[in-house]
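First the structure, in the form of C-alpha cells, and then the observations on it.
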Amino acid sequence: MYATWARFCGAEVVRVPLREENGFLPDLDAIDPEVAGRAKLFWVCYPNNPTGALASPAFYDELARFALRHDILVASDAAYSEIYYDCPPPPSFLASPGAMECGIEFHSLSKAYNMPGWRVGFAAGNRDAVAALRTVKTHTDSGTFGAIQKAAVAALTDTTGYPDQLRSDYRGRMHLLCDGLEAADLEVLRPRATFYALVRTPAGATSEEFADELLHKAGVLTIPGTGFGPGGEGYVRLTVCTGSGQIEEAVRRITEARTGSQCGR
Ligand SMILES: *Cc1c(COP(=O)(O)O)cnc(C)c1O
C-alpha cells in the first residue's frame, strides 16, 4: 500500500532493504545521500509485519536526526503497537527528540482491538502533517457508520484490559506454533511482536516453492517472503490469527508432510 499509493500520487518509490543481520531495521547510512536529498516521505512499520521485529528508541532517535537533516516526513505505521511478547511495550517514534517536527504515527483498531475491516484508526504527530491528512481524508471518503464509531469508543475507553487478554492469547498460540515447528526441524525466527512468525526456507527450495509444498502437501497456507519484497527470499510467513486447535492441526500436518514426503527437505 505504501508503494502503490505513492505511485498513484506520481511519486518515485525507493525500497530500503530490511536485513536479518540488522534486526530487520533499515540501514540509514547505506541510503544514497542523493536519494535522501530528494526524498519527501519515509515509511517505517514497527512492530514490523512480516518480520515481527521491533524498533529500538536508539533507532528512532537516529531516524529523527536523519529525517530532520534531509527534511523528510517520517510516516510510522504502528498498527501492531499493542501486540508484543515478553518485552516492554514497543516505543513510539514520536518519543524521539525532534520527532514531532518530522513525524506522523498511524494507529489502527484492527489489531489492538480485533476490529479488522471496521476501518477505524487514528494518526498523531506533526500538526501540519495531521492537518494535511485531514484534508485528504475529508475529500477521499465519508464518515464511518455510527454504530462502529460507538464500538470504537467502547474499545478505547475499555477498562477490562482487553489488549492484555489479547496479548496473552497470542503469546500462548505463538509458543505453540514456534515450539511445534522447531520440533519438526524447522528454523523459526521467534517474533518479539506482531502475530506473525517467519520460518526459514529449508535449503534447496525457494520461498515460493516451500510455500507451495506446505499448501499442497499439508494444506497449510503461508505467504512466501518474496510477497513482501525481494529481501523476503528465504522465508515464509505464518500467522497465529486462528485458534490453538487449528494451530495444533497445522503443526501436525506440517510435521507429517515433512516426515512423510520430505516436504522442504
Ligand atoms: C493490519 C495492518 C494495518 C492496519 O490496517 P487497517 O487498514 O487499519 O486495518 C496497518 N499496517 C500494517 C502493516 C498492517 O499489517
- line: In debye to the nearest 20, the charge dipole size for segment 2-156, taken about the Cα centre with +1 at each Lys and Arg Cβ and -1 at each Asp and Glu Cβ, equals 720 debye
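Can you give the Rg to Rh ratio for the chain, taking only C-alpha atoms and Rh from Kirkwood?
Over the Cα atoms of the chain, Rg/Rh equals 0.99.
Rounded to the nearest 20 debye, what is the charge dipole size of the chain about its Cα centre when +1 sits on each Lys and Arg Cβ and -1 on each Asp and Glu Cβ? Numbers along the way, then the final one.
Values: 25 positive and 32 negative charges, 136 e Å.
In debye, rounded to 20, the chain gives about 660.
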query: In straight Cα distance, which lysines are under 22 Å from Lys40, not counting same-chain residues fewer than 8 positions off?
result: Lys137
- line: Placing each pseudo-label 7 Å from Cα in the direction of the beta carbon, Thr242 and Glu187 end up separated by a distance in nanometres of 2.6 nm
query: Relative to the longest principal Cα axis of the chain, at what angle does helix 244-261 sit, 0 to 90 degrees, rounded to 10?
result: 50 degrees
query: Say each of Glu101 and Leu156 gets a label point 7 Å from the Cα, pointing the same way as Cα to Cβ; how far apart are those two points in nm?
result: 2.9 nm
- prompt: Any idea what the dipole of segment 120-227 comes to, in debye rounded to 20, about its Cα centre with Lys/Arg Cβ at +1 and Asp/Glu Cβ at -1?
  reply: 600 debye
- line: quick note, segment 1-143, DSSP beta bridge pairs, % antiparallel (nearest 5) is 35 percent
- prompt: In whole Å and largest first, what semi-axes does the C-alpha gyration tensor of segment 162-261 yield when each eigenvalue is scaled by 5 and square-rooted?
  reply: 22, 16, 11
statement: As straight-line cross-link partners of Lys150, the qualifying aspartates and glutamates (C-alpha separation under 14 Å, not fewer than 8 residues apart within one chain) are Asp158
query: Which angle from 0 to 90°, rounded to the nearest 10, does the C-alpha axis of helix 57-70 make with the longest principal axis of the chain?
result: 50 degrees
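Restricting to the chain, what percent of DSSP beta bridges are antiparallel, rounded to 5? Please list the in-between numbers first.
Details: 15 of 24 bridges.
Percent antiparallel among DSSP bridges in the chain is about 60.
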query: Among all the aspartates and glutamates, which ones have a C-alpha under 12 Å from Lys217's C-alpha, if same-chain residues fewer than 8 places away are not counted?
result: Glu209, Glu256
query: Which whole-number percent gives the relative contact order of segment 162-261, counting Cα pairs below 8 Å spaced six or more residues apart?
result: 29 percent
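By per-residue mean of other Cβ atoms within 10 Å, what is the highest-first order of 239-248, 12-21? Working shown, then result.
Working: 239-248: 14.9, 12-21: 12.9.
The densest-packed peptide leads the list: 239-248, 12-21.
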- request: With no solvent and one equal point scatterer per Cα, compute the Debye intensity ratio I(q)/I(0) for segment 2-156 at 0.10, 0.13, 0.15 Å⁻¹ and report its log10, rounded to two decimals.
  value: -0.39, -0.66, -0.88
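A short reminder: the numbers here are calculations on the coordinates, not readings from a lab. Given the structure is predicted, the values throughout are model-derived calculations rather than measurements. So basically every Cβ, Gly included, is an ideal-geometry build from the backbone, and we count neighbours across all protein chains shown.
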